[in-house]
Amino acid sequence: MVAWLRKVATSSWLPRLRHGFIPLALVFLAYSAYRAKDSLLPLLTTVSLPLLLLASLLWGLAQWIGPLASLAMARILDLRLGYRELALISVLRLPAKYLPGGIWQSVARFAAYQRLAIKNSDSMTILIVEHVFALGTSIALGAAVLLLATHAVNTSRIAGGLLALAIIGLLLASTWLRYKQHHARPDLAWILKLSLSTCLFWMLAAASFCMYWIAVFGNDGADLRLVASSYLLSWAAGFVVIFSPQGLGVFEWVAAHLVPSAHSMSVVVTAVAGFRMITIIGDLSAWSLGLVVSRCRHRAPESCP
């Protein structure tokens, strides 16, 4: 199964399409930055470094919250894996998501599960359901927040439709998960914990983006509910456009049309693209902490800080 995943990542039509899309996305972002250079320079002089640090810390914390969903999945599938083990599997493979192909982190996690003698079917169930819940939850939260923050009729209708579709998708995924579980009786409590942990992850991710937004643009009166909603829905748009690795270009373009701002589209696109640096720093911090925990795990307790 791992070999098949590697083959998909390296030789299928999808990675080739992604590799062709990357230069277009980079050109779009570079052109936006060029057009926005006169407006960006004054903003750079007023950026709040403490808020940027807080945004990175929130993103790094989210990477340690995400494995709670994997723990819930493990309990539903009756797998004897603890939180620390699942968290290290996840955070120590964060750098793999930046490799060309777009699925190397999933490949690395699948290989780790395989080394733990987890059945391929259970490993695939964990990865698929986690992705479905991530997409459904980001859309549901983004749409729900948008409903609370807007009074426009057309926008409310669109947000209501997205919320309904997301809930239906999450219910279908939950039903399929109950079918796949290895218990004689349905374990609804762990499905609820899966939902709550995924919600918590996206709340932290959205909070990280909001802190970044305030750090760059200041307290300009923008409704942070709309900023958070724009981030969640933009991420979902980038995720479903499968030929865009990590939503590159798509995430920025959608966010520029959704996020409330008095600045030009080129400025917003460039600023949103800058949030990727925050996620990289946050991933690096989570990965570094994972290295420390992993090394302490193999040493005597008294040698650990």
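Rule-based calculations on the coordinates, nothing more; no lab input. All figures in this text were calculated on a predicted structure; none of them were measured in a lab. Positions of Cβ are backbone-derived with ideal geometry, glycine not excepted, and every protein chain shown enters the neighbour counts.
A convex hull fitted around the alpha carbon atoms of the stretch 15-295 yields 131 Å³ per residue.
Apply the a/c threshold of 1.5 to the C-alpha gyration tensor of the stretch 242-288 and tell me whether it is rounded, prolate or oblate. Oblate, because a/c is 1.5 or more while a/b does not exceed b/c.
Split the chain at each of the trypsin sites (Lys or Arg not before Pro) in a DSSP loop with at most 15 other beta carbon atoms within 10 Å, and the longest piece is 120-298. Share of pairwise Cα-Cα distances greater than 19 Å in the stretch 196-287 is 37 percent (whole percent). For the chain, the number of Lys pairs separated by eight or more positions or lying on different chains, with C-alpha atoms closer than 26 Å, is 7.
Size of the stretch 191-248: Rg and Dmax of its alpha carbons, in Å, are 13.3, 40.
Listed by Cβ neighbour count within 10 Å, with the fewest neighbours leading, Ile158, Ile278 appear as Ile158, Ile278. Enclosing the Cα atoms of the stretch 31-106 in their convex hull gives a volume equal to 130 cubic angstrom per residue. Of Ala108, Ala228, Ala164, the residue with the greatest mean-square motion in the GNM of the chain, using alpha carbon springs below 10 Å, is Ala164.
Summing Cβ point charges (Lys, Arg +1; Asp, Glu -1) relative to the Cα centre of the stretch 15-295 gives a dipole of roughly 740 debye. The slack between Leu49 and Tyr98, meaning 0.36 nm per residue of separation minus the straight C-alpha distance, is 15.2 nm. Dividing the mean sequence gap of close Cα pairs (under 8 Å, 6+ apart) by how many residues the chain holds gives a relative contact order of 33 percent. Of Thr125, Thr198, Thr46, the sequence from fewest to most neighbouring Cβ atoms within 10 angstrom is Thr46, Thr125, Thr198. Taking Ala143, Ala134, Ala222 as the candidate residues, the one with maximal mean-square fluctuation in a Gaussian network model of the chain, Cα springs under 10 Å, is Ala222.
Highest GNM mean-square fluctuation among Leu291, Leu248, Leu71, for the chain modelled with Cα contacts below 10 Å: Leu291.
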